[in-house]
Structures are given as C-alpha cells and as structure tokens.
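Report on the structure given below.
The values are calculated or read from the model by the stated rules, or taken from the named source; none is laboratory data. Predicted, not measured: the structure shown is a model, and the values here were computed from it. Positions of Cβ are backbone-derived with ideal geometry, glycine not excepted, and every protein chain shown enters the neighbour counts. Remember, those area values only see protein heavy atoms, side chains included, never the ligands or the DNA or RNA. Shrake-Rupley method; radii C 1.70, N 1.55, O 1.52, S 1.80 Å.
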Amino acid sequence: MSEEQIIQDINLQEKTCLNREQRANGINVFYGKATDLVQKARDGSLKNCERKFQQTSGCMLNFYLAVRVTSIRDAVTIFHAPVGCSSSALGYRELFRGIPPALGRPAQYDLQWLTTNLTEKDVVYGAGEKLRKAIFEAEQRYSPKAIFILTSCTSGIIGEDIEGVVGEVQPEVNARLVPVHCEGVRSRLVQTGYDAFWHGILKYLVKKPAKKQPDLVNVASMLSYTWQDRLEIKRLLNKVGLRPNFIPEFATVEQFEQLAEAAVTAPLCPTYTDYLSRGLKQQYGVPFFLYPSPMGIANTDEWLRQIAQHTGKEEEIEKLIAEEHEVWVPKLQAIQQEFGKLKNGEKPKVLGALGQGRLLAQMPYFDELGLEAAAAICQDFDNLVLEEVEGLINKIGDFDILVNTFQASEQAHITRDKDPDITLTCPFQGNAYKRGKDVTRIHALRGDPMPWSRQSGYAGAVACGNFLLQSTKTRSFQKTMLDKTQDTYRDWWYKQPDPLYYSYKEGV
C-alpha cells in the first residue's frame, strides 16, 4: 500500500480533521526493533495498546496549542472550557519575554485570551450563549483580526455546536472566527491537536492567492525550536534572497492569509507541519517537502537543496553550502575529535527522547558527531514516516525503539537497561535524572534566546554538538543526585525486562 493510499485526503468541508489514529494509524505504545515496527505498520497488524498505569501525559489543548495560538499577534484566543484548561497560558507570556526585542521579538506584545469558564450548569444546559458573549467581548476589547476558539473535553463531551455559534455571530463581528477542535478526549496522540489547528487555519484563514511570492518560504516550527533557530534559518535564506514566513508563533494574521502565495512549504518538524503542507498542496498547489529537517550539516545541505528546487536558487544554494562548510565543518570535526577522546576512539552512546520528526533528523546527526545511538525514544509513531524510517534503518542499521508519550517509568527503564554515556530528556519530562553517567536536555524552548540553545542549520549543528560535549564535562549535579536522593523506582522494576510491563499486549 502506498503512502498516498494510507493517508486519507484532507477534507475541509468537515468541521475538523480525522484523528492521527484514523488518518495514519498512529500509536503511542511500542517497544522492539524498528524493523518490526515498520513491518507491522506495513502489514496492518500494528495496534495501539492500553496502559494499565500512566504517570503523565500531554493535553492537546493546554500543552500543545495554548502556547502557540495565544502568541499569534493581532488575534484573540477563547478557551471554551473550564477555567483550569487555560491555566497553562498564564506562564507563556513570561516565557517569551526572555527573548530581547533586539533579537526581533515584538517589543509591545501581550498574549490576548479569554475563557468561557464552563461550569456544571453549562454541562447540563449548554454554553452557546457564553461563547457568543465571549466573542463579542473579545471583539470589543481587542479589535482583533482573528478570534481562535479552542474547544475542550467539556465542550466536546456535551456536544456544543461551535460551528452553529460561529455561523450566527460571524456576520456581526469584524474578526475572522476560527474554531479549532482540540478536545483532549478525542485522541491519544497530541499530533491530532496540531492537525486540528492547521485544519482551522486552512479552512478559515488562508486566502486564495492574489499573486505568487517566489521568494517566500513557509516555515512552520514548534516550541522546541528556539528563537536562535529562527535567526539561523532567516540568516541562511536571506543570504540567497529568500524570506521565511515563520508560523504560527508571533505570526500576524496576514502571514496565515498569504500562506498560499509562498513558493514552497519547508519543515523544521515534519510531523508538526504535515497537515498544513498537504493541505496547502491540495487546495492551492503549493509544493512541499517533509524531510529532512535542517539538523546537522548533511541534513541542512539537503534541506536547502530541496528549497532550491522550488525557488530556482540552485546555483545560489550550492555557493551558500560551500561557504558555510568552510566555516562550520572544521568546528564540527573538532567536536568529533573531542568525543573520540572520551572512550579512546570508541563511539560514546547516546539515548534521545524524540518526536518522530527528531527521530529522523537526530539519529543521522548523532552519527555525524561521532556518537552512536543506543536506541531511540519516540513520542508516537504513525504511517506518515514509514518510508523515512525504512531509509533510516538502511542508513544506520536496525535499532531498538520505545514509543512512549512522556511515561517517565518506561524511560527510566530503557535508560537503565541501555546505560548510554549520554541520555537526553525533554524539558517537560524532567532533566533531573539520577544516574552516574551524563544527562542533558534534548532541546531548549522557543523562549531561550541564548546562542548555545540552537539546533538548526550549520550554526545549530555546532552549537548542539558543543552542548552535548559539555554534558560530559559537568557532573556535579549527577553526583549530588546520586549522593543525596533515593531512586524513584524499586529494583524489581529495572530487573524485569519489559519497559511496557504495565501495558496490555493486545491492541485496542
């Protein structure tokens, strides 16, 4: 079955997207060889499993979308939810204020959002009138160009008619209303939240192109790519006369409206960008590519060449690559030599906690640095990356993979079992790992403006390599953890062989 047959078409006549489970057979529970994972996905036997025990998880609404949608300039976000569902938005204003305006962050900005504060009474009688009032309040208070309506588990369970309210109110307000169906209960996979957001963007905001902008490149990026990554991508594209259209964080409504005018849509994170890229191609013919992400020297070369194919900049890109290699490749080679000294020429092993986009980009990058991937941890897995994972296996060989969405006990198990020289953790999973070897974070967040936080492009390849190298030289924190704290889990947990011990083995 081809990828196009596997992936169902995007239908903007529907109020929202299919779940990733429906659209691409997504799962978030698996442990085994990558070849086995791919084979099961190919023959249709790969099924998601229930966990008997869960520690933490991310919510599509407050964790994955609130931080992005609320940062869109000249817009307002309405959380149609109990007040607690919007609580995570409180901290993001401060997170972004860590970026100095001198680096390009808007000097005068605020995160504009409201909540309908759904209660038990609303669950019984409905809250359409509350939503109407919130829309008019947002219009009167902020005069926005767009109002995003983020749904919640509560509004989803009671079957609130969001589109009905939008249809009634839209003629009475100037702002474009954009409902986003991101009820946490509708999917086990947070990527469904991304798809739901892009569905709303494609359906309500993107305009039919009045003209084409041959120098414009759509670049959708996640929170886990820092402000310095934006600057590096802008630096590279500007050097060949191209302009990045960064979305969604800090974008204006106009930037969304002109997405169909771009020459190409390029990814920083392919799994995040997938739905938007395919939607722009399907509706407006905007070409796209999903792999690779510009992480590491070779991946950045290929990323730029793919952009060149759609912008007619082949000669300029090749000249740019040659110039950048002169500057950055010797610095990367120096890092390789330092890693080589750590184990007398033997490659240090690294274990990364990755999304499936990072899985594809980072494992070749580890190899570029002179590191060996002990295994891979992937938040979730779906058929959108089958061919690319097969290509990765052909390139670096088979490897163990744990598909796991923020389950700390499972990650602790595989970390103890593989005992890598360096283990990488996602900031939201906690970086305070108790172990004798090295630990550091796998990425920074958008609000980190420091040059060493970047991972994208040529400068990012060297900065991230130096960051990983530094983790092997600073062990006082690990030593304190070992000396002063007890282990979180009992010995039997590590001695039994299965990190998915608390999962049912039959699919749901």
Those residues of segment 197-234 which are open to solvent by 30 Å² or more (accessible area, probe 1.4 Å), among the hydrophobic types (A, V, I, L, M, F, W, C) and not in a helix (DSSP H, G or I), in sequence order
ALA210
Take segment 97-126 and flag every residue that is small (Gly, Ala, Ser) and either open to solvent by 60 Å² or more (accessible area, probe 1.4 Å) or free of Cβ contacts under 8 Å to residues at least 60 places away in the same chain (or both).
ALA102, ALA107, GLY126
Kindly indicate whether any position in segment 464-486 is farther than 21 Å from LYS347 by Cβ, of a type in the set (Gly, Ala, Ser), over 19 Å from the mean Cα position of the chain (by Cα) and modelled with pLDDT of 80 or more.
yes
Restricted to segment 478-506, and to residues that are in a helix (DSSP H, G or I) and free of Cβ contacts under 8 Å to residues at least 24 places away in the same chain, which residue is least open to solvent (accessible area, probe 1.4 Å)?
THR480
Please indicate, with yes or no, whether at least one residue in segment 451-458 is more than 29 Å from ARG93 (Cα to Cα) and under 24 Å from the mean Cα position of the chain (by Cα).
yes
Residue ID - most open to solvent (accessible area, probe 1.4 Å), chosen from residues in segment 145-166 that are in contact (Cβ under 8 Å) with a residue 24 or more places away in the chain and of a type in the set (Val, Ile, Thr):
ILE157
Between a first residue in segment 235-247 that is under 14 Å from PRO294 (Cβ atoms) and open to solvent by 10 Å² or more (accessible area, probe 1.4 Å) and a second residue that is assigned to a loop (DSSP other than H, G, I, E, B) and among the polar types (S, T, N, Q), which pairs have beta carbons less than 7 Å apart while being 6 or more apart in sequence or on different chains?
PHE246/SER221
In segment 296-338, anything in contact with a helix residue (DSSP H, G or I) (Cβ under 6 Å, 6 or more places away or on another chain) and of a type in the set (Phe, Trp, Tyr) is listed as TRP328
Number of positions in segment 366-415 that are in a loop (DSSP other than H, G, I, E, B), under 19 Å from the mean Cα position of the chain (by Cα) and among the hydrophobic types (A, V, I, L, M, F, W, C)
1
Within segment 178-192, considering residues that are at pLDDT below 95 and in contact with a Lys or Arg (Cβ under 9 Å, 6 or more places away or on another chain), the one surrounded by the fewest Cβ atoms within 10 Å (Cβ to Cβ)
ARG188
Against the definition (surrounded by fewer than 24 Cβ atoms within 10 Å (Cβ to Cβ), touching a strand residue (DSSP E or B) at 6+ places or on another chain (Cβ under 9 Å), more than 30 Å from GLU50 (Cα to Cα) and touching a residue at least 40 places away in the same chain (Cβ under 8 Å)), how does ALA175 come out, yes or no?
yes
I need every pair where a residue in segment 284-307 that is more than 27 Å from ILE10 (Cα to Cα) has its Cβ under 6 Å from the Cβ of a residue that is open to solvent by less than 10 Å² (accessible area, probe 1.4 Å) and of a type outside the set (A, V, I, L, M), sequence separation at least 6 or different chains.
MET295/TYR365; GLY296/TYR365; THR300/PRO294; THR300/GLY457; THR300/TYR458
Only listed residue being of a type in the set (A, V, I, L, M, F, W, C), part of a loop (DSSP other than H, G, I, E, B) and open to solvent by less than 60 Å² (accessible area, probe 1.4 Å), chosen from ALA459, ALA444:
ALA444
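For segment 258-302, enumerate the residues that are among the small types (Gly, Ala, Ser) and part of a strand (DSSP E or B).
Selection gives ALA262, ALA263, ALA266.
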For VAL169: the one exception among (1) open to solvent by less than 50 Å² (accessible area, probe 1.4 Å); (2) in contact (Cβ under 8 Å) with a residue 40 or more places away in the chain:
(2)
Could you tell me whether TYR142 is hydroxyl-bearing (Ser, Thr, Tyr), open to solvent by less than 10 Å² (accessible area, probe 1.4 Å) and out of contact with any helix residue (DSSP H, G or I) (no Cβ under 7 Å at 6 or more places or on another chain)?
no
Name the single residue, out of those in segment 333-365 being outside any helix (DSSP H, G or I) and free of Cβ contacts under 8 Å to residues at least 24 places away in the same chain, that is least open to solvent (accessible area, probe 1.4 Å).
GLY345
